[in-house]
1. Where does each of 191-203, 62-74 land if you order them by average Cβ count within 10 Å, highest first?
2. For the stretch 154-170, take each phi angle, set θ = phi - 60°, evaluate the Karplus expression 6.51 cos²θ - 1.76 cosθ + 1.60, and give the result in whole Hz per residue in order, putting x for glycine and proline.
3. Short version: ³J(HN,Hα) in whole Hz for each residue of the stretch 48-65, in order, from phi by Karplus 6.51 cos²θ - 1.76 cosθ + 1.60 (θ = phi - 60°), x for Gly and Pro, what are they?
4. When the Karplus curve 6.51 cos²θ - 1.76 cosθ + 1.60 is applied with θ = phi - 60°, which whole-Hz ³J(HN,Hα) does each residue of the stretch 199-210 get, with x for Gly and Pro?
5. Set the bar at 24 Å for Cα to Cα. Now go through LYS63/LYS237; LYS8/LYS63; LYS153/LYS236 and name every pair that lies beyond it.
6. How much length, in nm to one decimal, is gained on full extension between ASP172 and TRP210, taken as 0.36 nm per residue of separation minus their Cα-Cα distance?
7. Between THR20 and TRP61, 0.36 nm times their residue separation minus their Cα-Cα distance comes to what?
8. Could you look at the stretch 166-232 and say what percent of its accessible area is carbon and sulfur, using a 1.4 Å probe and all protein chains?
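The values are calculated or read from the model by the stated rules, or taken from the named source; none is laboratory data. Just so it is clear, the structure is predicted and the values come from calculations on it, not from any experiment. In this analysis, Cβ positions are derived from the backbone assuming ideal geometry, glycine residues included, and neighbour counts consider all displayed protein chains. Please note that ligands, DNA and RNA were not included when accessible areas were found on the heavy atoms of the full protein model with its side chains. Shrake-Rupley method; radii C 1.70, N 1.55, O 1.52, S 1.80 Å.
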Amino acid sequence: SWSNLEAKFELASLLAHPKTALTNLFGGSVMTLQSAGASAFGKAANYRWIMANVNPEFDSWAKIEKFAIKHGAVPEMMISEFGLHPKMQKANNLEFVKEVAEKFAGKDVDKATIRELAKRHRVTDQAVNFAAKFMSIPERILRTHSFMAHYIKAWERFGGAITDVNHPFLVDLAKKGVKATQFLYSAPFRPAFSRSALGKVMTRFQLWAWNSARFRNDVLRDAKIYGLVPGTESHKKFVRTAQIDLFSI
């Protein structure tokens, strides 16, 4: 009970400040930039380039976001986090989040829609707040941008040989990019000591930092495996990560 009370206080005090959204966008964007590179990062936000080179139907950011959501950039993360959360295992909670995810894929979802679904499925306020977290503007921007940056990276890697915009190779690589840079925070993705009530209090907002360190370890490991040969993808990724980290420091 004390742990849950502390969590509510921490979250309320965190969300009360506008810098939270800004630092969230900055941190998540840096991860995408390091992973996919400046070229793909810039093209992912330029729907005119995407129209000309990938799909002429993507003539607005709204359509690009809908494309990313349709392929699970946001809903799959939500279902994964929700399904692994021990307090959310009830059948009505799981049905609720699946329906929210389906709504995500079809059109924009507002908080009123979530409340209506919550009432129908008789879910708790905790479940509603959990789903609303993934509705937040920074969360949707970060995951959509990361999805498109890695999608474009994969598109260019195949040299135009894949012409189907919904091809599973491209979609799968894009989703893996989102998972690698935007992370999951539920219990199975935590170290054992941070799953207890006291452990949660001690490590409350540290998971992002740990995941961020793990990402850098992955970059270093890949560079060691494939060799730091100038011009190779592993070398470029290592250089990007080192440059941005030094800049941040």
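1. Numbers: 191-203: 13.2, 62-74: 20.8.
Going from most to least packed, we get 62-74, 191-203.
2. Those phi angles translate into 5, 4, 6, 5, 7, x, x, 5, 9, 9, 7, 5, 9, 4, x, 4, 5 Hz.
3. So the Karplus estimates, Gly and Pro as x, are 5, 5, 4, 4, 6, 10, 10, 8, x, 7, 7, 9, 7, 5, 4, 6, 5, 4 Hz.
4. x, 5, 5, 5, 10, 3, 10, 8, 4, 4, 4, 5
5. Numbers: LYS63/LYS237 29 Å; LYS8/LYS63 35 Å; LYS153/LYS236 13 Å.
Violating the 24 Å Cα-Cα cut-off are LYS63/LYS237; LYS8/LYS63.
6. On the way: separation 38, 0.36 × 38 = 13.68 nm, distance 2.46 nm.
So the extension gain works out to 11.2 nm.
7. Numbers: separation 41, 0.36 × 41 = 14.76 nm, distance 2.35 nm.
Result: 12.4 nm gained on full extension.
8. On the way: 2610 of 3990 Å².
The C+S portion of the solvent-accessible surface of the stretch 166-232 is 65 percent.
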